[in-house]
Amino acid sequence: MVRPVHGGNLAWAARLAGCASDELIDFSASISPLGPPSSVLEAAQAAFSFLSAYPDPGYSELRSHIAHHHSISPDYVLPGNGAAELLNWAARDLAALPRCFCLSPGFSDYERALKAFGAALSPLPLFNTSGQYLDSWDSSLSEDNDFSRCGLLLNNPHNPTGALFSRERVRSLLSRFALVVIDEAFMDFLPPEREQSVIDWVNEFPHLVVVRSLTKFYSMPGIRLGYAIAHPAILSRWQQWRDAWPVNTIAAAAGVAALKDAAFQQQTWQWLTGENEYLFAGLSALPELTPLPSCANFFLVRAQVSTTALQEKLLQHHRLYIRDCMSFASLGDRFFRVAVKSRSDNQRLLSALADSVPRILPTLPLVSEEAFHVS
C-alpha cells in the first residue's frame, strides 16, 4: 500500500490494521477530540433546508462573523475550501517571486503547492544532522542580505514541532520580504493571553497574508473550511483564480456557528492545558522516546526505533494510528507525531507505546536528550 502523505487516512490505516476504520483511535490527525460542538452540528443540520440554492458567492454572513471575531474589516477576509485551498493561491503569488524561504521540516502541502507553480525554494532548517532542534533558524536570514524581492512562508505554531514564534520575532522579518504568508492553522488552540497571531497587522503591512483553519479546533475536517486575512487587493486577485463557490452552504453555516461558540472555545483551552502536560510527561517517561515541547495539540517525538515499524505494530496490535513523519523533509523514519486526545485515549497510547517500543529492534544509534533540546 502506498504510504499516505497526510495524517488522518483512516482507510489506509484500517487496511493495515485489519479492522474497520471506526475501530481505530486516530492520533495521526491533529484534530480536537471535543467536537464538533453541538452548535455546529445544529447549524449544519439547519443548512440542509437551503441545499436547493447556490451559496452566496460573497459569503457576506461568514465574512462578517470572521471579521467580528478578529476585529477587522470584512474586506480583509476571504473564506476558502479549507486552509489548503487558500495556501494554493498564496503559493502562486510566492512562486512569482525570485525565491521563497520556508521552514524545514514543514507541512508537505507547502512544497507541493510551491513546486506546482514553479517556485524556487530555499529551506530554513529546524534540525541539524544530530537531531538537535535549531531555534536560531532565522539567523541565516542575515540583515546583510537583500530579501526585498523574495517571499517567506511560515506556520505558527509550527507543524510538526509545535514551536511558537513570538510576534516580535515575526515582525522583525516582515519589512524585509516582498510577501510574507503566515499559516496560523493551530493558533486558535492558544487562549488570547498566550497567542501570537499577527492578524491585527494586515492594515500596517499590505504584503502580509494570514491563513487560518476552522476544521482542527472545532473538529470538522470533513467540512473543509478556512479563511485568509490580507489586503483586499491580494484577496481580489485570488478570487479571480478560483471557483465561484469554493465554500458550500453547510460549511458556511458551520463556520458562523463555530465562531460564535465562546463556551466551546473556553472548554478547549482548559482541556488542552491539562492533557498537553499529561501526555508530554508520559512520553518523556519512556526511555526510547524524546518528545519536543509543544504549545499546540500535538507532539513531535523522536524514537530510537523505526517509527514506521512502530506505527504498524500499534495499528495491528492496539488499533492506534500515529503519524509517521516520512513526508516531512529531514525527519524520515526516526520521528513520529501524535495528537493530544482525551485522558483515556492518551493513557491507552502511553500503555501501548510502553508495550510496543521495546519489542522493536533499535534502528538508530542512541541520541541523548541533550541532543534534542529546545534552547
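The values are calculated or read from the model by the stated rules, or taken from the named source; none is laboratory data. Treat the numbers as computed from the prediction; the structure is a model and nothing was measured. Cβ sites come from the backbone with ideal geometry, for glycine too, and all protein chains shown count toward neighbours.
A few notes on this one:
- If you go through the range 127-160 and pick out every residue that is more than 20 Å from residue 87 (Cα to Cα), assigned to a loop (DSSP other than H, G, I, E, B) and not hydrophobic (A, V, I, L, M, F, W, C), you end up with 13.
- Residues within the range 5-50 that are closer than 16 Å to residue 315 by Cα and in a helix (DSSP H, G or I), tallied: 11
To keep it simple, each residue is scored yes or no on (1) among the acidic types (Asp, Glu); (2) in the same structural domain as residue 254 (by TED's automatic domain parsing).
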| residue | (1), (2) |
| --- | --- |
| 31 | no, no |
| 59 | no, yes |
| 63 | no, yes |
| 71 | no, yes |
| 79 | no, yes |
| 93 | yes, yes |
| 100 | no, yes |
| 103 | no, yes |
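- Scanning the range 314-330 for residues that are surrounded by fewer than 20 Cβ atoms within 10 Å (Cβ to Cβ) and farther than 22 Å from residue 108 by Cα turns up 316, 317, 318, 319.
- Single match in 243, 188 (criterion: under 22 Å from the mean Cα position of the chain (by Cα) and of a type in the set (Asp, Glu)): 188
- Of the numbered criteria (1) of a type outside the set (Phe, Trp, Tyr); (2) in contact with a strand residue (DSSP E or B) (Cβ under 8 Å, 6 or more places away or on another chain); (3) surrounded by fewer than 22 Cβ atoms within 10 Å (Cβ to Cβ), the one residue 191 fails is (2).
- You will find that of 296, 303, the residue that is under 30 Å from residue 70 (Cα atoms), outside the structural domain of residue 133 (by TED's automatic domain parsing), buried (at least 22 other Cβ atoms within 10 Å of the Cβ) and in contact (Cβ under 8 Å) with a residue 40 or more places away in the chain is 296 and no other.
- Considering residues of the range 257-284 that are surrounded by fewer than 17 Cβ atoms within 10 Å (Cβ to Cβ) and of a type in the set (Ser, Thr, Tyr) only, the residue nearest to residue 71 (Cα to Cα): 273
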